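One structure below.
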Amino acid sequence: MSKPSVAPISIVKVNLDGQITTNDLLAVEEPLEIRIGFGPKENREQRNISVTMRTPGNDFELALGFLFTEGIIENIHEIAQIKYCTELNNKQDNQNIVRVELHENITIDFSKLQRNFYTTSSCGVCGKASIDAIKTVCNIETKNNPFTANQSIILELPNKLRAQQNVFEYTGGLHACALFDLQGNLEILREDVGRHNALDKLIGAIVGSQNGTVSFQNKILLLSGRASFELIQKAAMAGIQIICAVGAPSSLAVQTAQEFGITLIGFLRENRFNIYSNPERIIIA
């Protein structure tokens, strides 16, 4: 049985007319530890890769998407099994540790995980070093794809996203990301308290459903909040070439989008948006 993504709570609502006690729902936030098992059958090893605060649900997608966007795996065929380490947890912490078992012939370059040090807004690493770190593990060519998207399609995306944000509708406390085709049809949506987790879940769902053939080209990624460097680097790893954000981009997000030939749109709301890089992909009426 999977963990709930929302939790009930009793609150006091206060306004100019006074106060009332009522029930509310909160987005659940719990840690998820991601581990990998690797090596020959007779000498299997385990390594803790990451701990992230997430909304329970789609945990295997989150683990798969994280390993893919960090360059640890290239496709689903490298994975033998994904499971919860339930035997290591008490009842309260059940399903908070995921172990990804790699096939015996898969070798791991743990130096790639050093790129994690570049992904926080406060790390103080310069933009060039951050972008160069992505290039060392990105095997997808994102430049020189001539496809286009219409302005009218782009403007419709936020309303389509909001209409499908089931947990957000109840809690107001989740980030979301969604993948659309060029006609504006929603293909997949994921929510989480962490914006990077939501994107890892989305990417993990695609990676895990395509029998190892990963293609995000000719798609539009919509982010419910701002466009940070971390989200752009994950999208670049997946080969996504149009990214739209309801909020603002950071300077390093724009620099990364320019470097990887990504069309980056920000402030997509109220029938307007700004194009920060590669505007030639957007057809303006």
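The values are calculated or read from the model by the stated rules, or taken from the named source; none is laboratory data. Owing to the predicted nature of the structure, the values given are computational and were not obtained by experimental measurement. Every residue, glycine among them, receives a Cβ derived from its backbone with ideal geometry; neighbour counts consider all protein chains shown.
For segment 206-220, the condition holds for no residue, the condition being that it is in contact with a helix residue (DSSP H, G or I) (Cβ under 6 Å, 6 or more places away or on another chain), of a type in the set (D, E, K, R) and touching a residue at least 40 places away in the same chain (Cβ under 8 Å). Checking segment 23-40 against the condition returns a match, with at least one residue being at pLDDT 90 or above, closer than 19 Å to Cys85 by Cβ and not in a strand (DSSP E or B). Residues in segment 32-49 that are over 11 Å from Val100 (Cβ atoms) and either touching a Phe, Trp or Tyr at 6+ places or on another chain (Cβ under 6 Å) or of a type outside the set (Gly, Ala, Ser) (or both): Leu32, Glu33, Pro40, Lys41, Glu42, Asn43, Arg44, Glu45, Asn48.
If you go through segment 73-89 and keep only what is at pLDDT 90 or above and either within 26 Å of Val193 (Cβ to Cβ) or of a type in the set (A, V, I, L, M) (or both), you end up with Ile73, Ile76, Ile79, Ala80, Ile82, Lys83, Tyr84. Residue-level check: of (1) buried (at least 20 other Cβ atoms within 10 Å of the Cβ); (2) within 19 Å of Leu174 (Cα to Cα), Ile79 misses just (2). The single condition from (1) exposed (fewer than 10 other Cβ atoms within 10 Å of the Cβ); (2) part of a helix (DSSP H, G or I); (3) of a type outside the set (Phe, Trp, Tyr) that Ser10 fails is (2). For segment 172-185, which positions are surrounded by fewer than 23 Cβ atoms within 10 Å (Cβ to Cβ) and either closer than 16 Å to Phe68 by Cβ or in contact with a Lys or Arg (Cβ under 6 Å, 6 or more places away or on another chain) (or both)? Across segment 172-185, the qualifying residue is only Leu179. The set of residues from segment 228-276 being assigned to a helix (DSSP H, G or I) and within 14 Å of the chain's Cα centre (by Cα) comprises Phe229, Glu230, Leu231, Ile232, Gln233, Lys234, Ala235, Ala236, Met237, Ala238. Going through (1) within 17 Å of the chain's Cα centre (by Cα); (2) at pLDDT 95 or above one by one, Glu187 falls short only on (2). Gly127 meets all of the listed conditions (1) modelled with pLDDT of 75 or more; (2) in contact with a Ser or Thr (Cβ under 9 Å, 6 or more places away or on another chain) but one, namely (1).
For segment 41-74, a residue qualifies if it is in a strand (DSSP E or B) and touching a Lys or Arg at 6+ places or on another chain (Cβ under 8 Å), and the qualifying residues are Gln46, Arg47, Asn48, Ile49.
Residue selection: Asn96 satisfies the criterion of being modelled with pLDDT of 60 or more and either touching a Ser or Thr at 6+ places or on another chain (Cβ under 6 Å) or closer than 18 Å to Lys201 by Cβ (or both).
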